[in-house]
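Peer 1: Below is one structure. I have some questions about it.
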Amino acid sequence: MSDINTEIGNRIAALRKSKRITQDQLSELLDVTPKHISAVERGLSSLSTEKMIQLCTIFDCNMDYLVRGKNTENDMAYFPDSMIEIFRSNDQNEINLLNQYLQMYNKLRKKKNE
């Protein structure tokens with residue numbers, strides 16, 4: 001498995017290049033040295049959480065993408081707001097009810113495809 005800092009650095013470099021921002025420009029935006037940006041992109045160093053949050057704003061991405069390489073922001077767009085509210089509420093009764101509904105839906109779907 002590749003080192004997490006290297007993976008994050010590769011994503012930062014790719015995002016920076018896609019926005020046509022130089023390492024010098026990015027270092028100015030983050031108030032760090034160009035040498036530090038270079039080290040981060042090569043996986044030899046890391047950025048603070050504060051600087052990572054700034055990167056998310058600069059690159060218009062989410063932290064999940066920077067850290068894990070997964071863009072989960074758009075995943076929730078496929079769910080109705082009412083479902084998202086249930087999951088976020090942490091109301092176990094509502095979550096169980098929704099799970100029962102989904103199980104029933106899957107059974108109906110399976111019968112339809114037989």
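Peer 1: Name the pairs whose Cβ atoms lie under 8 Å apart, with the first residue in the stretch 85-114 and free of Cβ contacts under 8 Å to residues at least 12 places away in the same chain, the second in a helix (DSSP H, G or I) and open to solvent by 70 Å² or more (accessible area, probe 1.4 Å), and 6 or more positions between them or separate chains?
Peer 2: That search, which allows pairs on different chains as well, returns 95/87.
Peer 1: Taking residue 35 and the conditions (1) open to solvent by less than 50 Å² (accessible area, probe 1.4 Å); (2) assigned to a helix (DSSP H, G or I); (3) not β-branched (Val, Ile, Thr), which numbered condition does it fall short on, given that it satisfies the others?
Peer 2: (1)
Peer 1: Additional query: Restricting to the stretch 1-23, what's the tally of residues that are open to solvent by less than 90 Å² (accessible area, probe 1.4 Å) and of a type in the set (D, E, K, R)?
Peer 2: 4
Peer 1: Among the candidates 101, 105, single out the residue that is surrounded by 11 or more Cβ atoms within 10 Å (Cβ to Cβ), over 29 Å from residue 6 (Cβ atoms) and hydroxyl-bearing (Ser, Thr, Tyr). Quick ask: steps written out before the conclusion?
Peer 2: Working: 105 fails: surrounded by 11 or more Cβ atoms within 10 Å (Cβ to Cβ).
Exactly one of 101, 105 is surrounded by 11 or more Cβ atoms within 10 Å (Cβ to Cβ), over 29 Å from residue 6 (Cβ atoms) and hydroxyl-bearing (Ser, Thr, Tyr), namely 101.
Peer 1: Here's something else I'd like to know. Only one of these is open to solvent by 80 Å² or more (accessible area, probe 1.4 Å), free of Cβ contacts under 8 Å to residues at least 40 places away in the same chain and within 14 Å of the chain's Cα centre (by Cα): 60, 64, 81. Name it.
Peer 2: 60
Peer 1: Further question on the same structure: Of (1) over 21 Å from the mean Cα position of the chain (by Cα); (2) among the hydrophobic types (A, V, I, L, M, F, W, C); (3) modelled with pLDDT under 90; (4) open to solvent by 50 Å² or more (accessible area, probe 1.4 Å), residue 95 satisfies all except one. Which?
Peer 2: Result: residue 95 passes all but (4).
Peer 1: Looking only at the stretch 52-92, which residues are at pLDDT below 80, charged (D, E, K, R) and over 30 Å from residue 17 (Cα atoms)?
Peer 2: 81, 88, listed by residue number.
The values are calculated or read from the model by the stated rules, or taken from the named source; none is laboratory data. Note that the coordinates shown come from a computational prediction; the quantities given were computed from them, not determined experimentally. Heads up, the Cβs are rebuilt from the backbone with ideal geometry, glycines too, and the neighbour counts pull from every protein chain shown. Remember, those area values only see protein heavy atoms, side chains included, never the ligands or the DNA or RNA. Shrake-Rupley method; radii C 1.70, N 1.55, O 1.52, S 1.80 Å.
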